[in-house]
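Participant: Mind having a look at this structure? Questions to follow.
Read-outs throughout are calculated quantities, based only on the coordinates presented, and are distinct from any laboratory measurement. If you're wondering where the values come from, they're calculated on a predicted model, not measured in any experiment. Counting neighbours? That spans all protein chains shown, and the Cβs are built from the backbone with ideal geometry, glycine included.
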Ligand code: HEM
Ligand SMILES: [Cu+2]
């Protein structure tokens, strides 16, 4: 039998080397292209080589998961896949198809950054970048959602929501995701209005599985709270274990997805995007979504996963520190992301160093918000330091003991998900059809009616 564990280690080695190479190029100031590393901004060729290694590592892990899944299916015919494994399939299918866009982009940028070709097609580069970049944020989101659906119910003494709905949410997120990339290009030139309209529509479709998640999770909370004796309209809320960091952190993360998702709908609406694009609003949006919804969930995971891996246990003292850390992080994010949203609405540009534009009154109106942003950032730094301390402590110094890997069970008598949900071949065909619908026409248009290409540009 093929050794999947070895393949995963190979993947890990590739990703580690790739990340190190990318980090070194950034630290040497040879890659001043930021997270959105599309052309015409250019980095050192080794930056792109590091990214290629990273993608190879991701592919090794993808194939490991696919092989494991098919072995499991063969050995358990007629049985639905366990929920966490189903989420893993969704995440890695999305990883694989998302990374195709970035691979093509990076391979074309290597000769360009080496000076072997003079120019590159900027629109194709940006489009391939967002094909990947947008899917990436949803890969993080899907991982966080797997914990919301499968782990959090167990932590509160409840059961997970209907398995069919959960699997349907995963399938929809995988199929509908990649075209969302275009909502980052709403103000880009060279894309016809009808294509942009199609994309606004496709991108709003992703809100459907997100709303299904909100409904399902609140139903799980209410059921668990009522089972614990919560009465009246909202009495069940009080019964939830608010003092348990393993619950508190992902719960605040979920609540943050309400403004995060609402902000996303603003961003993805054509007219509203004209107001907020390239302002600090977008930076605020991704701090609420990534910094709160995703990262806080990952923080919460640490408080049971690290002791589980290290064969130790979470002490009451460490739990208390975790709660304090969660509160510091929440206040920091609310201050920082809140003021970024407000300053962005007043026109404060992102990716720009401080200036008052000759003491222009508009620019001066941003300054109070920038102070609050700084205060939030200080709290976030403290939060991160506590988190690093907590992980080290739980890994090496916490008392020895057993920690459970919490996985919720279905409600008594609940029907398992129907077997059609396992038809990954079909979901992939649908994914490819949606990608083709979204990308074939605009990319052909960018290539056939290509504007003059751009040479590599370094801003600093
Ligand atoms: C309801 C779902 C969401 C929608 C409709 C949405 C929509 C958008 C749009 C349209 C933009 C581009 C704004 C612009 O530059 O003009 C954007 C930016 C961004 N979003 Fe979201 N978003 C959603 C959720 C999320 C989530 C869950 C994450 C992360 C986990 C996320 C991470 C980001 C990031 C990192 C950026 C900034 C990318 C950059 O540097 O330009 N978003 N979002
Ligand atoms: Cu996006």
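Participant: What full-extension length gain, to one decimal in nm, is calculated for residue 395 and residue 409 as 0.36 nm per residue of separation minus the Cα-Cα distance? The partial results should precede the final answer.
Facilitator: Values: separation 14, 0.36 × 14 = 5.04 nm, distance 2.78 nm.
In short, 2.3 nm is gained.
Participant: Also, quick follow-up: To the nearest 10 degrees, how steeply does helix 4-27 sit against the main Cα axis of the chain, on a 0 to 90 scale?
Facilitator: So the helix axis and the longest Cα principal axis differ by about 50 degrees.
Participant: Over the C-alpha atoms of region 322-460, what are the Rg and the largest Cα-to-Cα span, Dmax, in Å?
Facilitator: Considering region 322-460 through its Cα atoms, Rg and Dmax are 25.5, 69 Å.
Participant: Grab the alpha carbons of region 72-188, take their convex hull, and tell me the volume per residue in Å³.
Facilitator: Output value, Cα hull per residue: 137 Å³.
Participant: A further question follows. Can you tell me the Rg and the Dmax, both Å, for the Cα atoms in the chain?
Facilitator: Values for the chain (Cα only, Rg and Dmax): 23.1, 71 Å.
Participant: Another one. Taking just the alpha carbons, could you work out the radius of gyration and Dmax for region 317-394, both in angstroms?
Facilitator: 16.0, 52
Participant: Please give, to one decimal in nm, the separation of the simple spin-label points placed at residue 197 and residue 317, each 7 Å out from Cα toward the Cβ.
Facilitator: 6.5 nm
Participant: A further question on this structure: So how tilted is helix 83-113 from the main axis of the chain? Cα-based, degrees 0 to 90, rounded to 10.
Facilitator: Between the helix axis and the principal axis of the chain, the angle is about 20 degrees.
Participant: Next question. If I model a spin label at residue 351 and residue 207 as a point 7 Å from the Cα along the Cα→Cβ vector, what separation in nanometres do I get?
Facilitator: 2.7 nm
Participant: How would you rank 404-414, 69-79, highest first, on the average number of other Cβ atoms within 10 Å across their residues?
Facilitator: 404-414, 69-79
Participant: Please report, largest first and rounded to whole Å, the three semi-axes of the ellipsoid equivalent to region 244-417, where each semi-axis is the square root of five times an eigenvalue of the C-alpha gyration tensor. Numbers along the way, then the final one.
Facilitator: Working: eigenvalues 281, 92, 20 Å².
Gyration-tensor ellipsoid for region 244-417: 37, 21, 10 Å.
Participant: Stretch residue 378-residue 278 to full length: gain in nm at 0.36 nm per residue minus the Cα-Cα span? Before the final figure, lay out the partial values.
Facilitator: Numbers: separation 100, 0.36 × 100 = 36.00 nm, distance 2.41 nm.
That pair, residue 378 and residue 278, stretches by 33.6 nm at full extension.
Participant: What value in Å³ per residue do you get for the convex hull of the alpha-carbon atoms in region 357-399? The partial results should precede the final answer.
Facilitator: Numbers: hull volume 2.6 nm³, N = 43.
Expressed per residue, the convex hull around the Cα atoms of region 357-399 is 60 Å³.
Participant: By counting other Cβ atoms within 10 Å of each Cβ, how are 385, 233, 21, 321 ranked from fewest to most?
Facilitator: Details: 385 12, 233 8, 21 21, 321 18.
So the ranking, lowest neighbour count to highest, is 233, 385, 321, 21.
Participant: Still on this structure, I have one more. Tell me, in nm to one decimal, what length is gained between residue 29 and residue 266 on full extension, where the rule is 0.36 nm per residue of separation less the Cα-Cα distance?
Facilitator: Contour length minus Cα-Cα distance gives 81.8 nm.
Participant: Moving on. Out of all Cα-Cα pairs in region 1-155, roughly what percent, to the nearest whole number, are more than 28 Å apart?
Facilitator: More than 28 Å apart: 30 percent of the Cα pairs in region 1-155.
Participant: Cα axis of helix 316-345 to longest principal axis of the chain: angle in degrees, 0 to 90, nearest 10?
Facilitator: 30 degrees
Participant: Here's something else I'd like to know. Modelled label-to-label distance, residue 6 and residue 164, 7 Å Cα→beta-carbon offset: nm?
Facilitator: Going by the 7 Å Cα→Cβ label model, 4.4 nm.
Participant: Next question, about the same structure. State, to one decimal in nm², a quarter of the convex hull surface area for the C-alpha atoms of region 1-88, i.e. the direction-averaged projected area.
Facilitator: On the way: hull surface 28.8 nm².
Seen from a random direction, the Cα hull of region 1-88 projects 7.2 nm² on average.
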